[in-house]
Amino acid sequence: MNQTIPERADAPIAVVGAGPIGAGFAIVFARAGHPVRLHDPEPASLDGARRYITNSLAQLAEHGLLDESTDTIAARIDHVGDLGAAVADVVHIQECAPERLELKRDLFEQIERLAPQDTVIASSASAIPASQSASHLNTRARCLVCHPANPPFLIPVIEIVPAPFTAPAAADRAHALMAGAGMKPIMVRKEIEGFVLNRLQGAMLREAYCLFRDGIASVDEIDEIVRNGLGMRWSFIGPFETVDLNTRGGLAAHALRMGPAYARMGKERGQDDPWTEDLVERATAERRELLPLDDWQERVEWRDRQLMALLGHRRARDAKSG
């Protein structure tokens with residue numbers, strides 16, 4: 001990715017759609033110093049967004065997560081009923097309409113007519129790629145997906161997903177803007193339905209439904225395995241680093257030991273995607289760039305300290321609530 005200068009902190013941003021995701025984005029950008037125009041054609045939606053933002057900012061302040069007063073941040077957010085007024089003279093437009101293709105296509109057409117020609121237009125879609133929602137636009141080269149987790153002001157990861165027609169400069173500007181606003185942007189290299197986050201989430205949900213369907217475990221028992229098992233580590237390391245640290249010798253040793261069992265489990269579900277030798281070698285090479293084996297034991301000890309801190313936090317929380 002090319003180095004791109006982030007938009008100025010005082011550059012205005014439009015958020016189109018005042019549901020929880022749109023209101024959440026308004027908080028993200030306002031916390032970073034941007035004037036925000038939060039648009040929705042329904043007055044009731046704007047009123048709901050005001051209440052949501054007020055309550056969320058108060059809770060953020062209570063937990064020491066704000067650098068400014070709630071009033072200062074809230075004052076940066078204008079609630080706008082007119083779309084043209086919302087998108088005039090902004091540097092970025094974050095579309096947060098419901099996940100319906102025709103609705104998004106129509107909305108993109110309106111935004112294209114009303115917004116400055118050099119403004120990046122990003123969709124918050126969870127699964128609809130920009131190649132479907134913006135392919136009909138004359139200025140589609142500035143369009144892409146910026147898919148957040150929910151709520152975006154608490155979970156900072158965001159997927160930057162260009163379409164094949166997206167100009168690299170537009171993707172780089174979106175990446176720089178999100179990073180400047182305190183998000184953790186990930187550039188998705190190829191457009192794919194569901195992107196990365198929902199494909200990972202979907203894989204677990206598919207297996208969870210199967211395990212529940214087959215009477216292996218209850219809904220709450222499956223959630224418990226994630227709450228007090230997988231999720232404990234996943235709150236600070238991902239699946240590759242988890243298994244890399246679980247096995248002395250790292251990722252390659254784990255694949256050799258567990259790969260055949262995972263292949264059998266996949267075939268049982270009709271998915272034949274074995275971890276080939278070349279695939280494991282490439283993944284291992286990336287892990288060893290991030291963590292040489294000489295540093296493996298130190299990182300394992302770091303992981304254990306993070307788990308201890310998490311357990312300590314849970315104990316203190318439970319004692320306070322009890």
Residue among L57, L103, L251 with the largest mean-square fluctuation in a Gaussian network model of the chain, springs linking Cα atoms under 10 Å: L251
Working out 0.36 nm times the residue gap between N198 and D78, then minus their Cα-Cα distance, what length gain in nm do you get to one decimal? 40.1 nm
Show that you can apply the helix-only estimate: for the chain, add -39,500 (n - 2.57) for every DSSP H stretch of four or more residues, divide by all residues, and state [θ] at 222 nm to the nearest 500. -16000 deg cm²/dmol
Taking GluC sites (Glu not before Pro) that fall in a DSSP loop and have at most 16 other Cβ atoms within 10 Å as cut points, what is the longest piece of the chain between them? 194-322
Taking every other residue with Cβ under 9 Å from the Cβ of W296 and scoring Lys and Arg +1, Asp and Glu -1, one gets -2
Given +1 on the Cβ of Lys and Arg, -1 on the Cβ of Asp and Glu, and no further charges, what dipole in debye does the chain carry about its Cα centre, rounded to the nearest 20? 400
Filter the trypsin sites (Lys or Arg not before Pro) in the stretch 192-277 to those in DSSP coil with at most 11 other Cβ atoms within 10 Å of their Cβ, and list the result. R248, R269
Can you pull the percent of the chain's accessible area that's carbon plus sulfur, 1.4 Å probe, other chains left in place? 54
List the lysines whose Cα sits under 27 Å from the Cα of K267, skipping any in the same chain fewer than 8 residues away. K190
Taking the stretch 207-237, which chymotrypsin sites (Phe, Trp or Tyr not before Pro) meet the DSSP loop condition and have no more than 16 other C-beta atoms within 10 Å? F236
Percent of beta bridges antiparallel (DSSP, the chain, rounded to nearest 5): 20
With the other protein chains left in place, how much accessible area per residue, in square angstrom, belongs to the chain at a 1.4 angstrom probe? 56
In whole Hz and in residue order, list the ³J(HN,Hα) couplings for the stretch 48-65 that follow from phi through the Karplus curve 6.51 cos²θ - 1.76 cosθ + 1.60, θ = phi - 60°; x for Gly and Pro. x, 5, 4, 5, 4, 5, 4, 5, 5, 5, 4, 5, 4, 5, 4, 9, x, 9
Under 5 Å between amide H atoms, partner at least 5 residues away or on a different chain: which partners does I186 have, H built in plane at 1.01 Å? I158, E159, I160
Within-13-Å neighbourhood charge of V188 [Cβ basis; K, R +1; D, E -1]: 0
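The values are calculated or read from the model by the stated rules, or taken from the named source; none is laboratory data. Here the structure is a predicted model, which means the values were calculated and not measured. Using ideal geometry, Cβ is built from the backbone for each residue, glycine included, and neighbour counts are taken over all protein chains shown. Only protein heavy atoms, including side chains, enter the accessible area calculation; ligands, DNA and RNA are left aside. Shrake-Rupley method; radii C 1.70, N 1.55, O 1.52, S 1.80 Å.
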